1. Taking the Cα centre of segment 61-149 as origin and charging only Cβ (+1 Lys, Arg; -1 Asp, Glu), how large is the dipole, in debye to the nearest 20?
2. Once R0 is set to 30 Å, what does the formula 1/(1 + (r/R0)^6) return for the Cβ-Cβ distance between residue 226 and residue 83, expressed as a FRET efficiency to the nearest 0.05?
3. Report, in degrees rounded to the nearest 10, the 0 to 90 angle that the Cα long axis of helix 132-142 makes with the longest principal axis of the chain.
4. Over the chain, what is the relative contact order in whole percent, taking alpha-carbon pairs under 8 Å and six or more residues apart?
5. For residue 7, enumerate residues with amide H under 5 Å from its amide H, sequence gap 5+ or separate chain, H modeled in the peptide plane.
6. Could you list 211, 32 so that the one with the fewest beta carbons within 10 Å of its beta carbon is first and the one with the most is last?
7. With the contact rule set at Cα under 8 Å and sequence spacing of 6 or more, what percent relative contact order holds for segment 85-155?
8. Taking the beta-carbon count within 10 Å as an exposure proxy, list 153, 39, 66 from fewest neighbours to most.
Amino acid sequence: MIAVGTGLFTMWNDIPPAYGREFALMHTRDHVPEHMAYLGDDGIRWARRCIDGQGDMPRFFTFYGLTSLDVLTDEKHAKCKVTETAWFLKMRPHYRDRIAYHCSVLASAGGGTGGTVATLLIDFADDARQDAPRLAALVDDLTRLSPVVGAHLAAPEWNVPIRVGEALPAGREGNEAVGVVILEGFDRYELAACLEDVREQLVASGVAARVRSAGHYAQAYRLDYDEIAHLEHFRRDDALITERFDLK
């Protein structure tokens, strides 16, 4: 269940198969903790890393829960910078098909944390984003599908930078109406099997004018902010990581 704050950072990406194992190690053991840490304890409160995507979205999906999107533009956090290690900088050029949004959470329902996740990109129907009762009813209805234990609806905020002090995200033109649906489930294949019903429900509810794309994932890793202090041994320089994991 998404909890704690009102902001989400959502990112989908792919990576060439030749770099898949090293990317998994780098992203889990290095970059996710560094990205979580950079805003302090009132910034990013949790992260989830999802893998093995199936469908018409990139194979990897990562999302982070923020107390509020205000932390990206307020004075208190203005000097915060993500530590980009040598290992991350080595892997970053190999990212493919990256989609990244900072989003406001519009509605959320359910309980627990599912071991599998589905994501759908939609175009909001006219004025649907502002219809809070309709949005709340939709996510509640989605949790009544038997594989769905959590349903969440969010919208990108185009006036918020991807990181503190950086430029506003590109790609706004033609995407002003985009929305993000995240479903959590307890059985990946049952969740995948109900995605066609979800597509129909999103449109029938009047919330979505159309569904652009959808995918389902295994949830591989979850990290809470308060656990970062225990991960010092994860974060090593590139040479040590390469030797330790036999990455040549």
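1. On the way: 10 positive and 11 negative charges, 122 e Å.
Dipole magnitude for segment 61-149 comes out near 580 debye.
2. Working: r = 19 Å, r/R0 = 0.63.
After rounding to 0.05, the efficiency reads 0.95.
3. 80 degrees
4. 29 percent
5. Correct list: 66, 68, 69, 105.
6. Details: 211 19, 32 23.
So the ranking, lowest neighbour count to highest, is 211, 32.
7. On the way: 63 pairs, mean separation 32.7, N = 71.
Computed value for segment 85-155: 46 percent relative contact order.
8. Working: 153 28, 39 22, 66 25.
In order of increasing Cβ crowding within 10 Å: 39, 66, 153.
Values in this text are rule-based calculations from the coordinates and carry no lab data. Only a predicted model underlies this, so the values are computations on that prediction, with no experimental measurement involved. Backbone-built Cβ (ideal geometry, glycine too); neighbour counts: all protein chains shown.
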